[in-house]
Every structure is written in C-alpha cells, then in structure tokens.
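Data block below; observations after.
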Amino acid sequence: MIKRKRLGQHFLVTQSVAKKIVDAAEITKKDTVLEIGTGKGILVPLLCEKACKVISIESDLELYNTAKEKFSDITNLTLLHGDGFKTEEKFTIFVSNLPYSKSRDAMEWLVQKKFRRAVVMVQKEFSEKIAEKNSKAVSVLVNHAADIESIINVNKNNFSPPPKVDSVVLRLTQKNTIPKELIQMVNKLFSYKRKKLQNIAKQFGKVIESDKRLEDLSGDEIISIAKQILK
C-alpha cells in the first residue's frame with residue numbers, strides 16, 4: 001500500500017460518489033466506455049450495466065489480476081494491463097479518476113481523441129486551473145476542446161488511503177479535437193508568456209503586429225495565434 005500511495009494511487013471507496021460519476025457520463029447502450037485506471041473496480045459494474053462495451057485499463061499488474069478474477073463473469077467488459085494513455089482503443093465515453101501527477105498529460109492526450117463525453121476526477125487545484133480559461137496552456141487546450149461542467153466536489157475522505165487534497169469531478173462535452181502539433185505550439189507560446197506577441201512571433205520567424213501578451217487574449221485567440229504560427 002505504501003508503494004501505491006507513492007505512485008499517487010488513492011482508491012475511491014464511496015459508492016454514492018461512484019454512482020454520481022457514472023450518472024454524469026449519461027451512458028447509453030450504444031456507447032463504448034474507456035476507463036483508465038481500473039483500480040479496485042468500484043466503477044466497473046456500474047459502467048458495464050449501462051454501456052454496450054467497457055474497456056478498462058490498469059497499469060498495476062496486481063490490481064489488473066485481481067480485477068480479472070473479480071469481474072470474470074461480466075461479458076461486455078474488456079480488461080487490459082498497461083499504460084492507458086498509450087492505447088489506440090476507440091471510445092465514445094471516457095471515465096477516469098486521473099492520477100494527480102498525470103492530470104495535465106492525461107488532458108493533453110484526451111483532447112487529441114474523438115469522444116462524445118468525458119467524466120474525470122481531478123485534484124481541486126487542477127480544476128481551478130482549468131476554470132481560468134487563458135491562464136495556462138492546459139486550460140486553453142481543454143476549454144477549446146470541450147464544454148466543461150463541475151459536477152461534484154469530492155472530499156479526500158472518500159478515498160483509501162486519503163490524499164492530502166480534495167477532488168472535483170468534471171464533465172467534458174467535446175467541441176473540437178486538437179492535433180498534437182497544435183498542442184505543442186500552445187505549450188511553446190506559454191513558455192514566452194511574458195513577451196509581447198510581436199516578439200513571440202519573431203521566435204518562430206513570423207510577423208504579428210501586436211503589443212498584446214497572451215494574458216490579454218482569450219483562449220480561442222491564443223489557439224488562433226498558434227495556428228497562424230504553424231502555417
């Protein structure tokens with residue numbers, strides 16, 4: 001257990017919270033659900049009850065083997081062992097209790113994928129970053145990719161072992177997919193966040209006549225600048 005805590009694994013143990021997560025996903029019998037982080041499987045039966053198919057991926061071999069045995073009788077469930085953020089599986093609904101240390105990487109992975117709806121649990125501080133639509137590269141990307149709603153606040157005591165911070169469940173309804181090169185460019189722009197746009201453009205051999213800085217722009221304007229530089 002000490003090892004797993006170090007890896008950032010905190011297992012949701014409250015059934016009422018699990019049910020709210022699944023309800024928020026609004027799953028139908030036409031949906032294929034991808035869950036990254038099977039954990040102890042608190043969401044698995046609830047997801048399988050509603051979906052056409054559930055693919056659940058777990059990186060911890062011990063947890064994967066336990067889930068294989070525990071859920072061997074569920075016919076619409078595919079359990080996989082490995083890094084879920086390298087999967088090429090197709091899905092319409094994404095559900096995950098994101099590891100706190102991987103939240104940004106996970107969001108950058110998700111916005112490249114085509115999906116209908118995603119329900120993710122993230123650290124409260126990370127959800128606040130996302131809510132500030134043009135303050136960070138990740139917030140610009142996620143808000144461009146999806147409409148975001150905060151579903152419920154989840155107290156740390158709903159986990160075992162309890163993390164040091166509270167969590168928030170977010171629902172994302174997709175608007176756009178974002179290609180990898182655009183994600184990389186937005187990240188690069190934010191590495192020059194304090195510079196004026198005309199000086200940022202010079203870094204890429206482009207001309208933009210503007211004294212504004214990134215903080216003066218909306219998220220969509222930042223995306224537009226990134227696309228302009230990529231041309």
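The values are calculated or read from the model by the stated rules, or taken from the named source; none is laboratory data. Quick caveat: nothing in here was measured; it's all calculated off a predicted structure. Here the Cβ is made from the backbone with ideal geometry for all residues, glycine too, and neighbour counts use every protein chain on show.
Residue-wise test of (1) touching a strand residue (DSSP E or B) at 6+ places or on another chain (Cβ under 7 Å); (2) over 19 Å from Lys175 (Cβ atoms).
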position: Thr78; (1), (2): yes, yes
position: Arg104; (1), (2): no, yes
position: Lys114; (1), (2): no, no
position: Gln123; (1), (2): yes, yes
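Scanning the range 154-168 for residues being among the basic types (Lys, Arg) and either part of a loop (DSSP other than H, G, I, E, B) or closer than 12 Å to Asn97 by Cβ (or both) gives a total of 1. Does Ser191 count as in contact with a Leu (Cβ under 6 Å, 6 or more places away or on another chain), of a type outside the set (Lys, Arg) and outside the structural domain of Arg104 (by TED's automatic domain parsing)? Considered against the rule, which asks whether it is in contact with a Leu (Cβ under 6 Å, 6 or more places away or on another chain), of a type outside the set (Lys, Arg) and outside the structural domain of Arg104 (by TED's automatic domain parsing), Ser191 comes out as no.
Here the range 211-225 is the region considered, the condition is being over 11 Å from Lys136 (Cα atoms) and not hydrophobic (A, V, I, L, M, F, W, C), and the residue that is nearest to the chain's Cα centre (by Cα) is Asp220.
Residues that are of a type in the set (S, T, N, Q) and within 22 Å of the chain's Cα centre (by Cα) were ranked within the range 43-94; the one that is farthest from Arg116 (Cα to Cα) is Ser59. Can you find a residue in the range 55-65 that is within 18 Å of Gln174 (Cα to Cα) and surrounded by fewer than 17 Cβ atoms within 10 Å (Cβ to Cβ)? No: zero hits. Has the range 187-199 got any residue that is in contact (Cβ under 8 Å) with a residue 60 or more places away in the chain and under 23 Å from the mean Cα position of the chain (by Cα)? Within the range 187-199, none of the residues are in contact (Cβ under 8 Å) with a residue 60 or more places away in the chain and under 23 Å from the mean Cα position of the chain (by Cα).
Does any residue in the range 70-83 that is at positive phi come within less than 7 Å, Cβ to Cβ, of a residue that is crowded, with 16+ Cβ neighbours inside 10 Å and part of a loop (DSSP other than H, G, I, E, B) six or more places away or on a different chain, and which pairs are these? Close Cβ pairs (under 7 Å, with a partner that is crowded, with 16+ Cβ neighbours inside 10 Å and part of a loop (DSSP other than H, G, I, E, B)) amount to Gly82/Ser59.
Of all the residues that make up the range 200-220, how many are touching a residue at least 60 places away in the same chain (Cβ under 8 Å) and either in the same structural domain as Ile130 (by TED's automatic domain parsing) or surrounded by fewer than 16 Cβ atoms within 10 Å (Cβ to Cβ) (or both)?
Within the range 200-220, residues that are touching a residue at least 60 places away in the same chain (Cβ under 8 Å) and either in the same structural domain as Ile130 (by TED's automatic domain parsing) or surrounded by fewer than 16 Cβ atoms within 10 Å (Cβ to Cβ) (or both) number 3.
Apart from one condition, Ile208 fits all of (1) more than 20 Å from Asn143 (Cβ to Cβ); (2) in a helix (DSSP H, G or I); (3) of a type in the set (A, V, I, L, M, F, W, C); the exception is (2). Checked against the criterion of being under 24 Å from the mean Cα position of the chain (by Cα) and more than 30 Å from Val22 (Cβ to Cβ), the range 160-179 has at least one qualifying residue.
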